[in-house]
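Below is one structure, written out as structure tokens; comments come after it.
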């Protein structure tokens, strides 16, 4: 089941405000593509807005109305180059062919069954023009990453968050439990928001993700209409190896 981000949509940009490591990579691939861009699982528009600002026409798809609501607040001057669609990645039917599609920052891991993964990849293939590129960013399940999923609650970050009567203080805690046999990663996300009067409100999100191994992902892509051109280990397009933090697939629609 894909988790609903509606409850924490307003916190997504706060926790990702300093993360832009992948933007130059997507801009680079966009420069070599033909046609419009599909940002699948676009969330609040973290990658969509910079692509539109660079002059590309971008369609963003997400299953969370609240995340798309945050995206609409950000498109501003580039709204004429942006289309936002509330839809499930497993059932894409946009009736349009794109020159490039991307699934950023591990969003594909929310698809926890083989049937869901196949449906999403098949839909992405059908939305791309022949020769169109899919950029798929996955976590590399290296032994170190798996070992860190020991169930311990970890403080991830704390910082100011805009409140009604001044800045509030927001903290995020995460607990991960990796289960190798099922290739699943169970996560507990806790957001504690402290108001100026000392009152604390808490929001909790539980999610399950499924991690994939290198050739498993390559096999799935091949079976759903893609030819893998490259696999990179990081956003600087470093060669992939077993210790890489990411598995970034560049696949061409056949």
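The values are calculated or read from the model by the stated rules, or taken from the named source; none is laboratory data. Note that the coordinates shown come from a computational prediction; the quantities given were computed from them, not determined experimentally. All Cβ positions, even for glycine, are placed from backbone atoms using ideal geometry, and neighbour counts span all protein chains on display.
May I ask you to list the residues in segment 78-95 that are touching a helix residue (DSSP H, G or I) at 6+ places or on another chain (Cβ under 7 Å), farther than 14 Å from residue 64 by Cα and assigned to a strand (DSSP E or B)?
Hit for segment 78-95 is 82, nothing else.
So residue 197 fits all but one of (1) more than 30 Å from residue 131 (Cα to Cα); (2) in contact with a strand residue (DSSP E or B) (Cβ under 8 Å, 6 or more places away or on another chain); what number is the exception?
(2)
Which condition does residue 78 not pass, out of (1) more than 23 Å from residue 159 (Cβ to Cβ); (2) in contact with a strand residue (DSSP E or B) (Cβ under 7 Å, 6 or more places away or on another chain); (3) surrounded by 15 or more Cβ atoms within 10 Å (Cβ to Cβ), if it passes all the others?
Checking residue 78 against (1) more than 23 Å from residue 159 (Cβ to Cβ); (2) in contact with a strand residue (DSSP E or B) (Cβ under 7 Å, 6 or more places away or on another chain); (3) surrounded by 15 or more Cβ atoms within 10 Å (Cβ to Cβ), the one that fails is (2).
Here is a list: 168, 62, 137. Which entry is at pLDDT 95 or above and more than 30 Å from residue 233 (Cβ to Cβ)?
Step by step, each of 168, 62, 137 is checked, and only 168 is at pLDDT 95 or above and more than 30 Å from residue 233 (Cβ to Cβ).
Every residue in segment 107-134 that is surrounded by fewer than 21 Cβ atoms within 10 Å (Cβ to Cβ), over 23 Å from residue 206 (Cβ atoms) and touching a strand residue (DSSP E or B) at 6+ places or on another chain (Cβ under 8 Å), please.
125, 129, 130, 131
Look at residue 181 and say whether it is closer than 19 Å to residue 217 by Cα and without any contact (Cβ under 8 Å) to a residue 60 or more places away in the chain.
Considered against the rule, which asks whether it is closer than 19 Å to residue 217 by Cα and without any contact (Cβ under 8 Å) to a residue 60 or more places away in the chain, residue 181 comes out as yes.
For segment 24-40, which positions are touching a helix residue (DSSP H, G or I) at 6+ places or on another chain (Cβ under 8 Å), part of a helix (DSSP H, G or I) and surrounded by 17 or more Cβ atoms within 10 Å (Cβ to Cβ)?
Residues satisfying the conditions are 26, 30.
Would you check which residues across segment 130-157 are part of a strand (DSSP E or B) and more than 22 Å from the chain's Cα centre (by Cα) and list them?
Matches in segment 130-157: 130, 131, 150, 151, 152, 153.
Being over 15 Å from residue 145 (Cβ atoms), surrounded by 18 or more Cβ atoms within 10 Å (Cβ to Cβ) and not assigned by TED's automatic domain parsing to the domain that holds residue 127 is the requirement here; does residue 249 meet it?
no
For segment 158-194, give me each residue that is in contact with a strand residue (DSSP E or B) (Cβ under 6 Å, 6 or more places away or on another chain) and assigned to a loop (DSSP other than H, G, I, E, B).
If the condition is that a residue be in contact with a strand residue (DSSP E or B) (Cβ under 6 Å, 6 or more places away or on another chain) and assigned to a loop (DSSP other than H, G, I, E, B), then 183 is the only one that fits.
Checking the condition in contact with a helix residue (DSSP H, G or I) (Cβ under 8 Å, 6 or more places away or on another chain), surrounded by 12 or more Cβ atoms within 10 Å (Cβ to Cβ) and within 30 Å of residue 251 (Cα to Cα), which residue from 205, 212, 157, 146 passes?
Checking each option against the conditions leaves just 212.
Would you call residue 107 over 22 Å from residue 246 (Cβ atoms) and in the same structural domain as residue 248 (by TED's automatic domain parsing)?
no
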